[in-house]
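A.B. asks: I'd like to ask you about the structure that follows.
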Amino acid sequence: NAILREEIDAEVILRTGRRIPGVRPIGGVFAPISVVRMARGDAYGAEDWREGEPGSLGEIAYRTEVINRQLCRDVALFAFQHARKSGAKVFGGPKFTVSPVYEGMLKEEMDKAALLYPSVRYEPQLIDATFALLLATTGEALVIPSLNRDGDLLSYMVLQMFGSIAGA
């Protein structure tokens, strides 16, 4: 997947969980749930390193993650376009309360996209609440914009809710 994304210079990944004939979804979930995630940046490709004595309690690990506004805008706009096309609600989002600068950038673009698509229902949630609330979802079609790593994890959970991660 990574090779293909690089080859076509992809910015956004769309993974949709939907009913598979003959497979019983978890908890009566039946409406499609789409995860719209960044195709690059964030935790993937981050620079990481350690300092201090290896194996000691004083050893420290660091990671520098990077996203940019254009990528955040692409994810947000695609999420709203996909929601409009599929009759879904845009739901979820990043943990912008803990990381208002980094993750807040995606939330800002989601809020701007919501103004451009007033007919699309918009219910922003923090990513941890999104995971929890998905387990209580009953049948509303959802589109969830996310950072790269959050979306990677979320898409596998969503696909399994419909019976198989094979769609990933």
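A.B. asks: Identify all residues within the stretch 96-113 that are of a type outside the set (A, V, I, L, M, F, W, C) and buried (at least 20 other Cβ atoms within 10 Å of the Cβ); write none if there are none.
C.D. replies: Within the stretch 96-113, Glu103, Lys107, Glu109 meet the criteria.
A.B. asks: Using beta carbons and a limit of 9 Å, which pairs, at least six apart or on different chains, have the first residue in the stretch 139-168 and over 23 Å from Lys95 (Cβ atoms) and open to solvent by 10 Å² or more (accessible area, probe 1.4 Å) and the second one among the hydroxyl-bearing types (Ser, Thr, Tyr) and in a strand (DSSP E or B)?
C.D. replies: From the stretch 139-168, the pairs are Ala141/Ser34; Gly167/Thr16.
A.B. asks: Under 9 Å between Cβ atoms, at least 6 apart or on separate chains: pull out the pairs that start in the stretch 27-54 with a residue that is among the hydroxyl-bearing types (Ser, Thr, Tyr) and end on any residue that is in a loop (DSSP other than H, G, I, E, B).
C.D. replies: As it stands, the answer is Ser34/Arg18; Ser34/Ala88; Ser34/Ala141, since those pairs meet every condition given.
A.B. asks: Does Gly28 meet the test of being open to solvent by less than 60 Å² (accessible area, probe 1.4 Å), modelled with pLDDT of 90 or more and over 16 Å from Leu147 (Cα atoms)? Quick ask: steps written out before the conclusion?
C.D. replies: Numbers: open to solvent by less than 60 Å² (accessible area, probe 1.4 Å): yes; modelled with pLDDT of 90 or more: no; over 16 Å from Leu147 (Cα atoms): yes.
Answer is no for this residue.
A.B. asks: Does at least one position in the stretch 57-64 carry a residue that is touching a strand residue (DSSP E or B) at 6+ places or on another chain (Cβ under 8 Å) and among the charged types (D, E, K, R)?
C.D. replies: Yes, the stretch 57-64 contains a residue that is touching a strand residue (DSSP E or B) at 6+ places or on another chain (Cβ under 8 Å) and among the charged types (D, E, K, R).
A.B. asks: Pairs needed: first member in the stretch 65-80, closer than 17 Å to Leu14 by Cα and open to solvent by 10 Å² or more (accessible area, probe 1.4 Å); second member anywhere, part of a helix (DSSP H, G or I) and of a type in the set (Val, Ile, Thr); C-beta distance under 9 Å; at least 6 residues apart or different chains.
C.D. replies: So the pair list comes out empty.
The values are calculated or read from the model by the stated rules, or taken from the named source; none is laboratory data. Fair warning: this is a prediction, and the values are worked out from it, not measured in the lab. Ideal geometry is used to build each Cβ from the backbone, glycine not excepted, and the neighbour counts take in all protein chains shown. When the accessible area is computed, the model is the full protein with side chains, heavy atoms only, and any ligands, DNA or RNA have been set aside. Shrake-Rupley method; radii C 1.70, N 1.55, O 1.52, S 1.80 Å.
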